[in-house]
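Since the structure comes first, as structure tokens, the remarks are kept for the end.
The values are calculated or read from the model by the stated rules, or taken from the named source; none is laboratory data. In this text the structure is predicted, and so the values were computed from the model without any measurement. We place every Cβ from the backbone using ideal geometry, glycine too, and count neighbours over all the protein chains shown. Note: areas computed on protein heavy atoms with side chains; ligands, DNA, RNA excluded. Shrake-Rupley method; radii C 1.70, N 1.55, O 1.52, S 1.80 Å.
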Amino acid sequence: MKKPMFFCFQPGLLLLFVIFLMLPVVSNAQALLTFHFDDIKSWDPTGPWGFDADAPGFVTDDSNCFTYCNTFGYTWHNYAYKFFGPDAVTVSSCEFENMALVADPDDVTIDFQQYNLSGHDKFNTVVGGAPWNIAGQAGDRRTYSDGACIIYHLGVAKLYVDNITFDVTTPYPDQIQMRASHPLFVNWIGDVGSGDAITATGWGDIDMVLSDPQWIAAFAQVNNQVKIAMSSVSYVIQGSVGWYDFDLDVMPAPLQQVNAPAVVPLGQPNIQVVAMVDQDIEFAFDPNVVGGGAAGDMNVLNVKKILVPPLAKAFPPGITETLAQYWDISSTLGSFTCDIIFDLTGLKFSNTADWRILRCDHADWEIYANSEIVDANHIKALNVTDFSEWTIGTVETTLPVELSSFTATVDAENMAVLNWITQSETELAGYRIYRNTNETQNQSVCLTTQAIQAVNTSTGASYSFVDEDVEIMGTYYYWLEALELSGSSQLYGPVKVTINDPDGNDTPEIIQTTELLDAYPNPFKHSNVIHYTLKEPTQVQIEIFNAKGQLIKKASYNHTKAGHYKMTWNALELPEGIYLYRMTTNEYTASKKIILMK
């Protein structure tokens, strides 16, 4: 068996490296088939940079193997291979089978096809989350994708597996391995990495059309996918190519993945959007994207959406729940800045205000603080400069204010009167009122230079504000801003009123229209208040429906005068989701949506 070498150098050096070191065998008892490969080829070592071959005791440049140094034509750079796959000299054999469909391992063969580098991430392989460039701890994870294999039984193709993606974890060599690699390195001083064994695990999709149904039944336990794991890896580096020997276990996949690589445009003057619909994720790359690899031209982005709960590592304090899926993202880019938009449509995951983006960078999960809620289905991570594993968590938060109602009317003196009622208030600094003559809030005028002080009570409070400055007839729109002690705020509205003759020559038209208004709060957790106005006496019917169109609640009222009205309904025993509320009179009908989130 060949002996492992942990690095490869820029082509043109034409060196021959051999290390006499056997890597430990890793077995998998769940494998249905195990194959052994000799002389799988890796080539084109001009991928992303790993480390430099300079250190005390060697012909050094800056004596720091963790910095890329090119002074005086320095060429001892370690790059990752771009490709691996079979060569004319490659041989394979089935060493083990655990299938009722197979009587003898010798009856099974495999066609192992080419894989392409789609991700590269340097990290500390000894201490999770620590800097990668620590002596004795450095390494990288390489993602290879676009691969495939075909398994034959008695010469007949039985199982086609495509879209295979491998994750290869490569600890960099220690001092012993560096010294044994070549006569030039006999005096090498210091460990680059731990020198531990390489590990590699992959997933692929079964081709349901080409594969034999009996073999599909044997392997397709989770969404028609298989798991493939390498073990007993050893290899020899010969200049610009490497020759690998390893065992390959093939087994049913224990989890479901959605894998796909994409290409990030380079050298573009504008933001480049890369949308990956199947992965429920979208990237917006700034124009400063730099390609990876020796030529600066590598630009592959690889995303795996893994449909199981996130890896069993510690979560930040306060996180009470996470999505039942996570994203494993890698690329071959040299450097970049981008925003990542995660699509949670249909997942019915908590209240958007409680969402938190979580990131795992080879250590425990942590909250990615630079984020924003896009809408009820999307959350965005801003200014991301390196990739890793991502998911969405939720925290159990108490809103500083839960609003029951916010209304506007005209009093007998032809002034606009704003009233609002809260269910509860905690850590609230106060309120501000804004006014405009149209529905554009960002052009509105603040009427309360000194905020209205909040009561801050768990039982709620009632507030009133009179706008005495309106002197021109017309329609006005008002907003209410709740100011939190933390500096954040929540905005409600607009509500509108119509002001008539300011001299009082005409009777003020307090309610001008019959209208179904917005319900408050929305989204809500427990109870909700539906508001509506009537321009004249009439009978009113309020109905509430669930998302399936089933009637949940119905109420009828006979109002004897025009005015502003409301109906409170309790949703404690209802499941969370989207509900529809509808108002019907003899001459008017309207409906709106509201979201229940518990």
Report summary line: With every protein chain kept in place and a 1.4 Å probe, region 299-411 has an accessible area per residue in Å² of 37 Å²
Report summary line: At 20 °C and 1.002 mPa s, the Stokes-Einstein diffusion coefficient in µm²/s for the chain, with hydrodynamic radius from the Kirkwood sum on alpha carbon pairs, is 74 µm²/s
Report summary line: Amide H neighbours of Gly50 at under 5 Å, excluding residues fewer than 5 places away on the same chain, with H built from the backbone geometry, are Asn78, Tyr79, Ala80
Query - Accessible area expressed per residue, region 85-224, with surrounding protein chains retained (probe 1.4 Å, Å²) - result: 42 Å²
Query raised in the report: How would you rank 364-371, 282-289, highest first, on the average number of other Cβ atoms within 10 Å across their residues?
Result: 282-289, 364-371
Query - Hz values of 3J(HN,Hα) by residue in region 288-301 - Karplus curve (6.51, -1.76, 1.60), Gly and Pro given as x - result: 7, 5, 10, x, x, x, 4, 9, x, 10, 8, 8, 8, 10
Query raised in the report: So which lysines can Lys41 reach, going by Cα to Cα under 21 Å and dropping same-chain residues fewer than 8 places off?
Result: Lys2, Lys3, Lys82
Query raised in the report: If the chain between Thr459 and Leu101 were fully stretched, how many nm would it gain, using 0.36 nm times the residue separation less the Cα-Cα distance?
Result: 121.9 nm
Query raised in the report: What spacing in nm lies between the two simple spin-label points modelled at Asn270 and Asp62, each 7 Å away from Cα in the Cβ direction?
Result: 3.8 nm
Report summary line: Per its Cα gyration tensor (rounded if a/c is under 1.5, else prolate when a/b beats b/c, else oblate), region 169-318 is best filed as oblate
**Report entry** Potential lengthening between Leu311 and Thr437 on full extension [0.36 nm per residue; Cα-Cα distance subtracted]
**Finding:** 40.1 nm
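Stretched out fully, how many nm does the piece from Asp518 to Thr568 gain, at 0.36 nm a residue minus the Cα gap?
Residue separation times 0.36 nm, minus the Cα-Cα distance, leaves 16.7 nm.
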Report summary line: Heavy-atom accessible area with a 1.4 angstrom probe orders His153, His564, His526, most exposed first, as His526, His564, His153
Report summary line: Total charge of the residues flanking Val277 in space, meaning their Cβ is under 13 Å from its Cβ, with Lys and Arg +1 and Asp and Glu -1, is -3
Query raised in the report: What is the spin-label model distance, in nm, from Thr449 to Glu536 if the labels are put 7 Å beyond Cα along the C-beta direction?
Result: 4.6 nm
Query raised in the report: Calculated from DSSP H runs of 4 or more alone, at -39500 (n - 2.57) each and per residue, what is the 222 nm mean residue ellipticity of the chain, nearest 500?
Result: -500 deg cm²/dmol
**Report entry** Two-site label geometry, Glu372 and Leu255: point separation in nm, points 7 Å out along Cα→Cβ
**Finding:** 3.2 nm
Query raised in the report: What is the set of long-range amide H partners of Tyr152 at a cut-off below 5 Å, with H atoms built 1.01 Å from backbone N?
Result: Thr109, Ile110, Asp111, Lys158
Query raised in the report: Which residues' amide hydrogens lie under 5 Å from the amide hydrogen of Ala454, considering only partners 5 or more residues apart or on another chain, with H built in the peptide plane?
Result: Gly430, Tyr431
Query raised in the report: What is the distance in Å between the Cα centres of region 134-200 and region 470-492?
Result: 60 Å
Query raised in the report: Given a 1.4 Å probe and every protein chain left where it sits, what share in percent of the accessible area of the chain is carbon and sulfur?
Result: 50 percent
Query raised in the report: For Leu485 and Thr337, what is the calculated FRET efficiency with R₀ set at 25 Å and r taken between the beta-carbons, to the nearest 0.05?
Result: 0.15
Query raised in the report: Using the Cα gyration tensor of region 488-598, with a ≥ b ≥ c the square roots of its eigenvalues, what is the shape: rounded (a/c below 1.5), prolate (a/b larger than b/c) or oblate (neither)?
Result: oblate
Report task. Give me the lysines in straight-line cross-link reach of Lys525: C-alpha distance below 26 Å, same-chain residues under 8 apart excluded. Result -> Lys348, Lys380, Lys548, Lys553, Lys554, Lys566, Lys592, Lys593, Lys598
Requested in this report: Using only Cα atoms, locate the centre of region 508-578 and the centre of region 263-313, then give the distance between them in Å, rounded to an integer.
Outcome: 46 Å
